[in-house]
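*Asks:* My questions all concern the structure below.
Laboratory data are not the source of any read-out in this text; all were calculated from the coordinates shown. For clarity, every value in this text was computed on a predicted model and none was experimentally measured. Here the Cβ is made from the backbone with ideal geometry for all residues, glycine too, and neighbour counts use every protein chain on show.
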Amino acid sequence: MFINLSNILIGHIALHWGYVLPDITPRIEVAFLSPLYESKEYISSYIDYRDYGLILFSFFVLFLLFKFLKHFTHSYKTFRIIGLGVFISILLAVTFYINPIREFEPFSVPCKICTVMDDKNKIDQIMIERAKYIDQMKIMKAKQKNQIYDKIIVVMGESVNKNHMSIYGYSLPTTPFFTSLQKSNHLYVFNAIAPTNQTRYSLPIDLSEANVHYYEDRYLHSCSILTNFKANYYETFWISNQGRVGKNDSSISSMAYEAKTTLFANLNYLEAKTDEVILDYLDKLQKNSKKEMYLLHIMGSHSDYINRYKNETALFKNTTNIVEQYDNSIHYTDIILSQIYERFKNEKLLLIYVSDHGENINMENNGHGFLPAFKDEFMVPFVIYSNIKNPRLDEIYKDNKKGYFNLENLNYMVQYISGITNQKNLSFSHDVMAVEPSNIVNFDTLEFYN
Ligand SMILES: [Zn+2]
């Protein structure tokens, strides 16, 4: 019965997404971490005749089993003893003989469900606590005349190592749009490091008052810049091509829902298409206000890189290695940025591009979240375009000559440049978080990956 029922779940995943995942945990997360109304939505869009067929088939197998057992010639007692023996041995094997049985589906399914449910409870508590705190928070409002921009757009990139961007000196033309903007004298290219090499910590640290040394409490007890801009007469939008649910995405979703309008293209990042979906959302949005602030969370250069760009516009058409694929993803993001710029260039625009963390990459290997960490995982772009004269930008650009910024205080910088706060609060700290909040290291002591 157990194998049969687990197979319904696994069969369902295989039918709708193909059984190529090394791990079905993300799918279990989607099923269990979605609120109820979304589960209903899920059932209507992802359950079809094939699943009913699978369920009918499974019950048919159970029926055959029942028929067979009914004609079992041994006494009920013998059957009971054999059954108990088999049951206990499976239980012992699953419990104590951890590898490889526990790793195998369907034996791994109950274990994974338990872990996901446990995470869900923790995440729910954090979300509720944070939402309550923000609801009763008093936010400082700026004078209305201080809002110098009509459109503020923060593009949060993903896994971008700035050493693969031509605007930061890379030998291949991966960022032609930024290079062309540089001629306008309105583009500011900063030296900065990411506060951590993990997405789920970097966005809260970049966008709320949490920082490298004070993470959890400050994240729970501060709002993100979305609430700050909302309180300062901006209509706020969070548009994401990443996932909404799951252990990795929930700390981010909590901030996403501070925006007036929150749009997620996917429940889970595994479903993500290329980043042009963000442009479609921008075009379809109902716009009610002159003053708007957007947080665009893109897939950028998330692995697998080959899924992050369109071959028609790629720098390398027939890639032979992952470095070329990675460069194509950087190049594609440059195209997306140019498209975002085109949509807003005629208004008083502040466009900010950063990445959550960098990436280690060479011909053989790639990734982030390494322990010990490497410098490459923190070397992110920080680029600002402003089509109006802004003395605060020139001032910050001069400050950046003294040393690179730690993006742990990006939240203050964005508000300061926009004129909604007078606190500059730059961070020149070299301390970064490697993988976990408990693990703080000095960036200068880290090695380069290559
Ligand atoms: Zn990331």
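*Asks:* Of the peptides 195-206, 367-378, how do they stack up when ordered by the mean number of other Cβ atoms within 10 Å, highest first? Could the numbers behind the result be given before it?
*Replies:* Numbers: 195-206: 26.7, 367-378: 20.1.
Packing proxy ranking, top to bottom: 195-206, 367-378.
*Asks:* Of the peptides 414-426, 81-93, 271-283, how do they stack up when ordered by the mean number of other Cβ atoms within 10 Å, highest first?
*Replies:* 414-426, 271-283, 81-93
*Asks:* Oh, and also: Could you identify which residue out of N400, N360, N346 has the top mean-square fluctuation in a GNM of the chain using Cα springs shorter than 10 Å?
*Replies:* Highest fluctuation of the listed residues: N346.
*Asks:* For segment 419-433, just list the computed ³J(HN,Hα) in residue order, Karplus coefficients 6.51, -1.76 and 1.60, θ = phi - 60°, integers in Hz, with x standing in for Gly and Pro.
*Replies:* With coefficients 6.51, -1.76 and 1.60, one gets x, 8, 9, 9, 8, 7, 6, 5, 10, 10, 5, 9, 7, 10, 9 Hz.
*Asks:* Past 28 Å, Cα to Cα: identify those pairs from K162/K273; K183/K401; K151/K375; K143/K424; K120/K162; K284/K389, in the order given.
*Replies:* Result: K151/K375; K120/K162; K284/K389 exceed 28 Å.
*Asks:* On a 0 to 90° scale, report how tilted helix 108-135 is relative to the longest principal axis of the chain, with both axes built from alpha carbons and the result rounded to the nearest 10.
*Replies:* Helix 108-135 sits at roughly 40 degrees to that axis.
*Asks:* Here's another thing I want to ask about it. Would you mind telling me the antiparallel percentage of the DSSP bridges in segment 148-445, rounded to 5?
*Replies:* Here the share of antiparallel DSSP bridges comes out near 40 percent.
*Asks:* When you count, for each residue, the other Cβ atoms within 10 Å and take the mean per peptide, how do 173-179, 381-387, 292-298 rank with the highest first? Before the final figure, lay out each step's value.
*Replies:* Numbers: 173-179: 19.0, 381-387: 22.1, 292-298: 26.1.
Highest to lowest by the protection proxy: 292-298, 381-387, 173-179.
*Asks:* Same structure, new question: Once phi is turned into θ = phi - 60°, what whole-Hz ³J(HN,Hα) does the Karplus curve with 6.51, -1.76 and 1.60 give for every residue of segment 230-241, x standing for Gly and Pro?
*Replies:* My calculation for segment 230-241 gives 4, 5, 10, 6, 9, 7, 10, 9, 10, 10, 10, 9 Hz in order.
*Asks:* For the pair T445 and T115, how long in nm is the line joining their label points, each one 7 Å along Cα→Cβ?
*Replies:* 3.0
*Asks:* Give the aspartates and glutamates whose C-alpha is closer than 17 Å to that of K402, dropping any in the same chain fewer than 8 places away, or say none.
*Replies:* Candidates past the 8-residue exclusion: D394, D431, D444.
*Asks:* Pick out which of R343, R218, R80 has the largest mean-square fluctuation in a Gaussian network model of the chain, springs linking Cα atoms closer than 10 Å.
*Replies:* Result for the chain, Cα springs under 10 Å: R80 fluctuates most.
*Asks:* Applying the Karplus parametrisation 6.51 cos²θ - 1.76 cosθ + 1.60 with θ = phi - 60° to the phi angles of segment 8-16, what ³J(HN,Hα) value in whole Hz is obtained for each residue in order, glycine and proline being reported as x?
*Replies:* Along segment 8-16, the couplings run 4, 5, 5, x, 4, 4, 4, 5, 8 Hz.
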